[in-house]
1. To the nearest Å, what is the center-to-center distance of the stretch B:69-106 and the stretch B:164-224, using C-alpha atoms only?
2. With a/c under 1.5 counting as rounded, go ahead and sort the protein assembly as shown into rounded, prolate or oblate using the C-alpha gyration tensor (a ≥ b ≥ c being the square roots of the eigenvalues; past the cut-off, prolate if a/b is larger than b/c, else oblate).
3. Taking just the C-alpha trace of the stretch B:96-193, give me its Rg and Dmax in Å.
4. Have a look at the DSSP beta bridges in the protein assembly as shown and tell me what percent are antiparallel, nearest 5.
5. Work out Dmax and Rg for chain A from the C-alpha atoms and quote the Rg first, both in angstrom.
6. Cα-based Rg (one decimal) and Dmax (whole number) for the stretch A:14-96, in Å?
7. Mind checking the mean number of beta-carbon atoms from other chains within 10 Å of the Cβ atoms in B:49-57?
8. For the stretch A:30-107 and the stretch A:126-193, what is the separation of their C-alpha centers, rounded to whole Å?
Amino acid sequence: MATEGKPSYTLRYFDFIGIVETCRLLLTAGKVNWTEEHPEWPEEKEKQPLGRLPVLIEKRVDGSELVLSESQTIERFLARTFGFLPMDPGQSAIQEQLRDQQSDVFYSFFYMTFVHSDEDKKLGREKFNDLFTRIVNIYADILKTNSCKNHLFGDKLSYADMSLYGFLKLLGMHSLRFRDDACELVKAKMTPEILHLLSSVEADPLLEAHLGKCDSLVSALSE
Amino acid sequence: MATTNTPSYTLRYFEAIGLGESIRLLLTAANVEWTEEHPEWPQEKPNQPFGRLPVLIEKSADGSPDFVICESGNIERYLARTYGFLPTDLKKAALQEQVRDIMSDVGTAFAGYIRAISEEDKKARFEAFGEILDKYIAIQTKTIQSNGNTGRLFGDNLSYADIVTYSLFKNMGIGFVKFKADILDIVKPKLTPEIIKLISTVETDPKLAKIVLKSGNLSALISA
C-alpha cells in the first residue's frame, strides 16, 4: 500500500490502552505510516504543548509538522482526514455526539470508583448505571435503524464504529485494575446486536494490522 | 441577514451560563432566528435524546423533520462549521477545537474541586484546578501574542476559539460564583493582559451585541 507522499504520524501516549485506542484504530484504518511513543512521565510533561498526553504529530513530506493535543480533537482530525466522518456537518455531528457522551460515562465510571464514602459510592454507581445504560440503548437503537447490521451508520467502517469499540475495550477489558467488576458491568449491558457489530469491527481488514495483535474484545464480553 | 430559507433553532438548556453560553453566542453571531427553552428539571430528563442538556433543535424552512443533536461541544462545532466560525481547513480547525477540549478539562477540574469533601481533598483538587487553569491561560496568551496581539486567537475575525475562551472566563468570573463566592478574586490576578484584551474584544464585537452582556459584563468586573 503506497504511503509515499502521505504524511506520517506519531502518537504520544502512555503505554496502555487508555483514551487513545480509537486513535490507534483510526491511524491503522487510515493506512498511513505511524508509530507510538511512550514518553518518560512526568519528566517529559513540560515538553508537551499542553503538558498532557495524548499528542499527535503529523509530519508532512515537505517537512512541516502539525502538533495536536486533546484526544477528541485528535480523533476527529484523523477521522475527517481519512474519510471516516461524513463531510456533511449534520451527519458528522450525529456521530460526534456519541463519542462526546462517552466522556461523561468515563468520568462517572472513575468517579464512582474513586469516591470514598458509601453514600458517594451509591450515588456514583447510580449515575454511572444511568449514563451507561442510556448510551448503550442509544447505540442499540441506531443499530436497529441501520439496514446494515455490521456498522452503526452506512455500510462501511466509520468513526462511530471505531469509537464504540475503543470505548468498550477500555471499560470492559482494561479497567480491571481499577475495579474487578468492570468487565461484568459492561457485559451486563451487551446485546447480541452490539456484540455482532463489535465482531464486524474486529474482523474488518482495515483494522487487522492493529487488532490482529490484540486480545478479542468480543471474547472478553461474551464469556 | 437571515433569509426565510435559513433554518431556525431552539436551544434547550438550564437558565445558566454553563455549557450553553458558547452556543448562545454562536447562534447570535450566525444571525439566525433562535429561541431558548428551559425545561423543568429533572421532570423533562426522559424526554431528551441523551437524557441531558443542552439539546439543539434545528427546524428547516421547508418543513422537513427537525434535526436534533446533543453534547455541548458537538453542538458548538456543528454551528461553528455551518456558519463559518471554524475554518474549513482540517488542521486549522483542529487547532481551534483543541482550545475547546482543554477548556472542558478546566471545567472538569473545577467540578472535581467543588465535589471534594475532606479538607485534604479540597486542597489537592483546588491546586490541580489552579494548575490547569494557569497552563490554559499561558497557552492562550502565547497564541494571542503570536496572532499579532489583537485580542484574537486566530485570524482577524471572531472565531470559534475566541467564543469558547470567552465563555470559559465568563464562567470563571460569573457563572461559577454560586459554587465558590470568591472565584473571581482567585482568577482575576491570573489573567494576563492578552486574555483581558480577548475578553473585551469578544464583548465589544458587533455580531454579539444583542446578547453578550445579558449574562453580565465581564470586562467591567475584571477592571473593577
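The numbers here are math on the coordinates, done by the rules we state, and not lab data. All values derive from a computational prediction rather than experimental measurement. Heads up, the Cβs are rebuilt from the backbone with ideal geometry, glycines too, and the neighbour counts pull from every protein chain shown.
1. Comparing the Cα centres of the stretch B:69-106 and the stretch B:164-224, I get a distance of 20 Å.
2. Values: a/c = 1.30, a/b = 1.28, b/c = 1.02.
Since a/c stays below 1.5, the shape of the protein assembly as shown is classed as rounded.
3. Radius of gyration, then largest Cα-Cα span, for the stretch B:96-193: 14.1, 47 Å.
4. Working: 19 of 28 bridges.
Of the beta bridges lying entirely in the protein assembly as shown, close to 70 percent run antiparallel.
5. 17.8, 58
6. 13.7, 42
7. Numbers: counts 5, 9, 8, 4, 0, 0, 0, 2, 0.
Taking all residues of B:49-57 together, the mean is 3.
8. About 21 Å separates the Cα centre of the stretch A:30-107 from the one of the stretch A:126-193.
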